[in-house]
């Protein structure tokens, strides 16, 4: 005896179609006439370069933050050197 839910609906019976299984064909394409390709955006390349930068040297960060707080760090020469080093690392 099978017990079904309200109105005779329910149960764990498999759902079956009325005909044989069909495969979906895609017109106009074949594996021989089409090659896969990948395009990497400039942003992805930039992020990949960022991921290869060295870990943070906390002692250096702390020293610079202290110098900035004291007003003894910001000089045009240091700023130019830092920008050049950053650009060299990224490009």
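The values are calculated or read from the model by the stated rules, or taken from the named source; none is laboratory data. Remember, it's a predicted structure, so these values are computed and weren't measured experimentally. Cβ: placed from backbone, ideal geometry, glycine included. Neighbour counts: every protein chain shown.
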Task: Single match in 39, 77 (criterion: modelled with pLDDT under 90, assigned to a helix (DSSP H, G or I) and loosely packed, with under 10 Cβ neighbours inside 10 Å) - done: 77
- [ ] Would you check which residues across the stretch 42-73 are without any contact (Cβ under 8 Å) to a residue 24 or more places away in the chain, surrounded by 10 or more Cβ atoms within 10 Å (Cβ to Cβ) and not in a helix (DSSP H, G or I) and list them?
- [x] 73
